[in-house]
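Each reported figure results from applying straightforward, stated rules to the coordinates on display, with no laboratory input. Predicted, not measured: the structure shown is a model, and the values here were computed from it. When we count neighbours, we look across all protein chains shown, and the Cβ atoms used for this are built from the backbone with ideal geometry, even at glycine.
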Amino acid sequence: MIVFDSVSKTYDGVSKALDNFSLEVIEGEILVLLGSSGSGKSTALRMINRLVEPTAGKILFEGKDLNNKDPIVLRRSIGYVVQGVGLLPHMTVEENITIVPRLLNWSREKLEIRCKELLELVRLPSSSKKKFPDELSGGQQQRVGVARALAADPSYLLMDEPFGALDAITRDILQREFLELKQRLGKTVVFVTHDIVEALVLSDRIAVLHDGRLEQIGTKNDLFENPKTDFVKSLFAKTAKQLSIFKDYL
């Protein structure tokens, strides 16, 4: 479980990226942080693995203050997937996937078995393991990114707009495959997106952020049927209208 308790992040003593932000990530769920650029969603995500430190408030990770955890040990225990993948170009697919297990001193045999398992899991051929990132399509690279995040079998996955740079067809395929993976593996996922349709497709719950503040958190039905602020009401009313228009073409 991850808990944000009145967390704020201020830059230069003036600009607030997060303002009195509180929420709880429930074990086993996909919690989507939804907001436009500058809303604070990526800042909140990066606080979980201590890439960003809060100015005020505290974050609890499995019941313990995050500030008491070694950031390097913490990051090796959490899967992290970013937009643009971030694969190391001079490493093969196998080397990219097994970065964290190698840091954890896994045996060569165990690394090979794990890489094979993960390539099957993300539906890439075993022959991919000797390729370099620039030999793969964007969708294949993103699959490798997901495999790398899962390599050490973490309980938590942080995903920062992982499908945002892909074309619509590839994005749709990977979203569906990701949901299948989530059901099979039972991970707790915090997923950042600015795409409201993606949030609706992937989430168990959605946290709507705006100007660094949490506007509302709830299920899809909560947000459509019981918006708590004018911003949430406007956002989901517009989406409901767009979805009703699309139904005419389905």
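So here's what we get for this one:
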{"read-out": "Whole-number percent relative contact order across the range 16-161, with pairs defined as alpha carbons under 8 Å at least 6 apart", "value": "29 percent"}
{"read-out": "Coordinate range along principal axes, alpha carbons of the range 20-138, Å, largest first", "value": "49, 33, 27"}
{"read-out": "Calculated over the chain: convex hull of Cα atoms, volume per residue (Å³)", "value": "137 Å³"}
{"read-out": "Surrounding net charge for residue 174, when Lys and Arg each add one and Asp and Glu each subtract one, Cβ distance under 14 Å", "value": "-2"}
{"read-out": "Ratio of the Cα radius of gyration of the range 118-250 to 2.2 N^0.38 Å, where N counts its residues", "value": "1.21"}
{"read-out": "Gain upon complete extension [residue 105, residue 225; 0.36 nm per residue less C-alpha separation]", "value": "38.2 nm"}
{"read-out": "Distance (nanometres) between label positions extended 7 Å along Cα→Cβ at residue 70 and residue 238", "value": "4.7 nm"}
{"read-out": "If the convex hull is drawn through the Cα atoms of the range 55-198, its volume per residue in Å³", "value": "136 Å³"}
{"read-out": "Residue-count net charge about residue 64 - beta-carbon cut-off 14 Å; Lys, Arg +1, Asp, Glu -1", "value": "-1"}
{"read-out": "Estimated inter-spin distance, residue 169 and residue 24, nm [label 7 Å along Cα→Cβ]", "value": "4.5 nm"}
{"read-out": "Sum of side-chain charges, residue 25 neighbourhood, beta-carbon under 12 Å (Lys, Arg +1; Asp, Glu -1)", "value": "-3"}
{"read-out": "Relative contact order (%) - the range 99-250, alpha-carbon pairs under 8 angstrom, separation at least six", "value": "14 percent"}
{"read-out": "Among the listed pairs 116/182; 187/220; 130/182, those beyond 24 Å (Cα-Cα)", "value": "130/182"}
{"read-out": "R0 of 30 Å, Cβ-Cβ distance residue 88-residue 1: FRET efficiency to nearest 0.05", "value": "0.40"}
